[in-house]
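To keep things clear, I will list the structure first and then write my remarks on it.
The values are calculated or read from the model by the stated rules, or taken from the named source; none is laboratory data. Remember, predicted model here, so these are calculated numbers, not experimental data. Here Cβ is always computed from backbone atoms with ideal geometry, including for glycine, and neighbour counts include all displayed protein chains.
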Amino acid sequence: MHDNLIILAGGASSRMKKPSSSTALTEEEINQANERSKGLIGVGPEGRPLLDYVLYNAKEAGYRNIYIVISEKGGLFKEFYGNTPKDNNFHGLNISFAIQYIPEGRVKPLGTADALFQAVEQYPELNKQAYSVCNSDNLYSAKALLALRKAETPNAFIAYDRDALDFPHERVSRFAVAHTNAENLLLGIVEKPAVEDIPKYKDDNGKIRVSMNAFKFDGNTFYPYLKDCPIHPERNEKELPTALLNMIRDFPASATGIPFSEHVPDLTAKDDIVEVKKYLEKHFPDELRWE
């Protein structure tokens, strides 16, 4: 099992900055949503951010080396998790920061594959190891993160049961669908499938599987696909699913979907803040017990 987790937190958070009509949000929450990276929005007791809970579950899953990919303006992360570039001790976790620089001529970052590529360029030792990758604004369970550590195939992702995600149908219906075979090996990722085509992608348990960007990669194999990842023609970004699909084209049967049926709290828009706080109050009623 590996001990490395890379957390992507350098995105522009564009949807979070859009106005909300919710009356349940405080002025402070609205201000944070407009100014902070999503993973740093205070949703826990005493205003602690969602990323605390991601890190807590990562520690419970056995990860020890955490690499947080931040933007060039991500100084607030260091106020929470350590003020040196690398090897900060946060409740027993070794936290280092990688910076996702925005290419010249762009206003926004170049996407998730670019974020990961810049991280492994700054920490090249990862290209000789296995590592997991996840978002800073999704709360993955300790069991799901442990499953990535224990995955026996070189590459893996958590294949979530779409019907178990507690999101509005309109939102879930926009998720890309993972196409796996009877052995749960990844065959493809289908973006915006037609409604009438969705049943053909059900797995052997009759479930539609989607990714919430929780991956395990073999650093050596995956590196060239990160480096050469093309820009998505519509979204104008380099995306991890694109790099993954290019890799399995050359290395079939090298990536497994790990079936999971559970909700994954998500901070995408301001309205999500209220729902995430409710989830934490229910599932983390006490203070986090780090030791």
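The single condition among (1) closer than 26 Å to Lys277 by Cα; (2) touching a Ser or Thr at 6+ places or on another chain (Cβ under 7 Å) that Cys134 does not meet is (2).
Annotation: of all residues in the stretch 1-28 being in contact with a strand residue (DSSP E or B) (Cβ under 7 Å, 6 or more places away or on another chain) and of a type outside the set (A, V, I, L, M), the one that is modelled with the lowest pLDDT is Gly10.
Of all the residues in the stretch 248-262, those that are over 13 Å from Thr221 (Cβ atoms), crowded, with 18+ Cβ neighbours inside 10 Å and either without any contact (Cβ under 8 Å) to a residue 24 or more places away in the chain or of a type in the set (Ser, Thr, Tyr) (or both) number 1.
Where residues in the stretch 263-276 are among the hydrophobic types (A, V, I, L, M, F, W, C) and part of a loop (DSSP other than H, G, I, E, B), which of them is surrounded by the most Cβ atoms within 10 Å (Cβ to Cβ)?
Filtering the stretch 263-276 for residues among the hydrophobic types (A, V, I, L, M, F, W, C) gives 264, 267, 269, 273-274, 276.
Those left that are additionally part of a loop (DSSP other than H, G, I, E, B): 264, 267, 269.
Values: Val264: 23, Leu267: 27, Ala269: 18.
By that ranking, first place goes to Leu267.
Screening the stretch 13-125 for strands (runs of 3 or more DSSP E) wholly inside it with 2 or more residues that are in contact (Cβ under 8 Å) with a residue 40 or more places away in the chain returns the ranges 65-71, 93-100. Conditions first: (1) modelled with pLDDT of 95 or more; (2) in contact with a helix residue (DSSP H, G or I) (Cβ under 8 Å, 6 or more places away or on another chain). Leu76 passes all but one, so which condition is the exception? Every listed condition holds for Leu76 apart from (1).
Suppose we keep only residues that are charged (D, E, K, R) and within 28 Å of Ser96 (Cβ to Cβ) within the stretch 18-42. Which one would you say is surrounded by the fewest Cβ atoms within 10 Å (Cβ to Cβ)?
Taking the stretch 18-42 and keeping what is charged (D, E, K, R), we get 18, 27-29, 35-36, 38.
Filter once more, keeping what is within 28 Å of Ser96 (Cβ to Cβ): 35-36, 38.
Numbers: Glu35: 12, Arg36: 17, Lys38: 26.
Among those residues, the one meeting the criterion is Glu35.
The residue that is farthest from Ala255 (Cα to Cα), among those in the stretch 146-164 that are crowded, with 24+ Cβ neighbours inside 10 Å and touching a helix residue (DSSP H, G or I) at 6+ places or on another chain (Cβ under 7 Å), is Ile158.
Screening Tyr279 against (1) in a helix (DSSP H, G or I); (2) in contact (Cβ under 8 Å) with a residue 12 or more places away in the chain; (3) over 20 Å from the mean Cα position of the chain (by Cα); (4) closer than 30 Å to Ser37 by Cα leaves a single unmet condition, (3). Would you mind stating whether Thr180 is closer than 19 Å to Leu8 by Cα and surrounded by 14 or more Cβ atoms within 10 Å (Cβ to Cβ)? In short, no.
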